[in-house]
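Before any comments, here is the structure.
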Amino acid sequence: MKMGIINDRKNKSKLAKLLRFESSKSDGKVISLESYVERMKEDQKKIYYITGENIDIVKACPALEKLIKLDYEVLYMVDSLDEYVLQQLSEFDGVSLQSAGKESLKFGNDDSDQLKEIQKEFEPLTDWIKETLGEKVEKVKVSNRLTTTPVVLVSGQYGWSGNMERVMKAQALAGKRNSYQSSKKTMEINHRHPVIVTLKEKVAADKESKDLKDITTLLYNTALLQNGFLMEEHKHFADLVNRAVALGLEVDPNAEVIERPVDEEEEEEEEEEEGEEEGEEKGEEKEGAEKEAEKEEAEKEEETGEGEETDSGKEDDKETV
């Protein structure tokens, strides 16, 4: 059916009626797009959906926070084919589909004067975060979709979602020619979250702080995981987590690891092993020397034998004469 929507554009409207998805209000049951449209709220203008690897991941996606708070229903699309279906199905029954994980998600107050003032207030922080993360993000801005999470990563309007990036990179034919699509990520910050408020204050006091840059990179990496994007710098992420744990425990992150003490029995065993190894080495050296002496002895005997044979040959010649 989904392949039909992808390949048969003439009948995609009819086939779309047969599609079934779980949603944030379906209690584990699947619903049709028709059913979704029928129970849309009066002020709702779009069909909201989120794509991901599985139901648990999409349910926990921070990009849904504002939609859930406003009591909008969100479709959970967790089949790999859904990404390709959405490329062909931009609307249903006159209602356009909108990804919750795209930058294009808008709410009624996106252009309000209050939000513009907040964006201006946090501009030094968003500029600093963009400078710190560099090409990892296309831009950084104040979010209008977050309620409880400090940051979220969303895709550009025409870029790949985190799930699509995972699907494409898993395919053998995925190449560098499409890398530009996977790189367009926008980082949105929650200006009401204590982490962001404190980060703003500390950055204003010390823009060159390595600790603040590490924290920002850690926020970015956690956002990658939360929003289904692939992480490429696993070791760096692990190092940052370990560093954060150390600081949380008031331990110097650069402190040397304590060497494990060796008890008397282990020390005796090591000495015995070393003695055995030395004995074996000496035995091998002695055996080699003996073999070399035997070889030299044999060579001397061979030379002596050859000399005796020559002398006897000369005596025989004299007798013959």
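The values are calculated or read from the model by the stated rules, or taken from the named source; none is laboratory data. From a predicted model like this one, the values you see are computed outputs, not experimental measurements. Here Cβ is always computed from backbone atoms with ideal geometry, including for glycine, and neighbour counts include all displayed protein chains. SASA here: full protein model, heavy atoms, side chains in, ligands and nucleic acids out. Shrake-Rupley method; radii C 1.70, N 1.55, O 1.52, S 1.80 Å.
Relative contact order of region 15-168: what whole-number percent is it, with Cα pairs under 8 angstrom and at least 6 residues apart?
Values: 181 pairs, mean separation 39.0, N = 154.
Averaging sequence separation for qualifying contacts and normalising by length gives 25 percent for region 15-168.
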Applied in sequence order to region 54-64, the curve 6.51 cos²θ - 1.76 cosθ + 1.60 (Karplus, θ = phi - 60°) yields integer Hz couplings, x standing for Gly and Pro, of 7, 4, 4, 5, 5, 5, 8, 5, x, 5, 8
All-pairs Cα distance distribution in region 95-136, expressed in whole percent, bin size 10 Å: 23, 34, 36, 7
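To the nearest 20 debye, what is the magnitude of the charge dipole of region 125-250 about its Cα centre, counting +1 on the Cβ of each Lys and Arg and -1 on the Cβ of each Asp and Glu? Write down the numbers at each step before the final one.
On the way: 19 positive and 15 negative charges, 99 e Å.
For region 125-250, the charge dipole is close to 480 debye.
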Ignoring everything but the protein chains, give the 1.4 Å probe accessible area of His191 in square angstrom, nearest 10. 30
Taking the solvent-accessible surface of protein heavy atoms with a 1.4 Å probe, what is the per residue accessible area of region 45-142 in Å²? 51
Arg20: accessible area at probe 1.4 Å, nearest 10 Å²? 110
Across Lys14/Lys41; Lys46/Lys106; Lys66/Lys185; Lys41/Lys184; Lys17/Lys41, pairs whose alpha-carbon gap is larger than 22 Å: Lys14/Lys41; Lys41/Lys184
For Lys291, counting only lysines whose alpha-carbon sits under 26 Å away and dropping same-chain residues fewer than eight positions off, the answer is Lys282, Lys300
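I need the calculated FRET efficiency for the pair Asp127 and Lys69, taking r as the beta carbon distance and R₀ as 35 Å, to the nearest 0.05.
Values: r = 29 Å, r/R0 = 0.82.
The computed FRET efficiency comes out at 0.75.
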Taking 0.36 nm per residue of separation and subtracting the Cα-Cα distance, what length does fully extending Lys291 through Ser80 add? 68.8 nm
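Whenever you get a sec, compute what percent of the accessible area on region 180-264 sits on carbon and sulfur atoms (1.4 Å probe). Walk me through the intermediate numbers first.
Working: 3110 of 5600 Å².
Carbon-and-sulfur percentage of accessible area, whole number: 56.
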How long are the semi-axes of the equivalent ellipsoid of region 1-80, taking √(5λ) for every eigenvalue λ of the Cα gyration tensor, in whole Å from largest down? 23, 16, 11
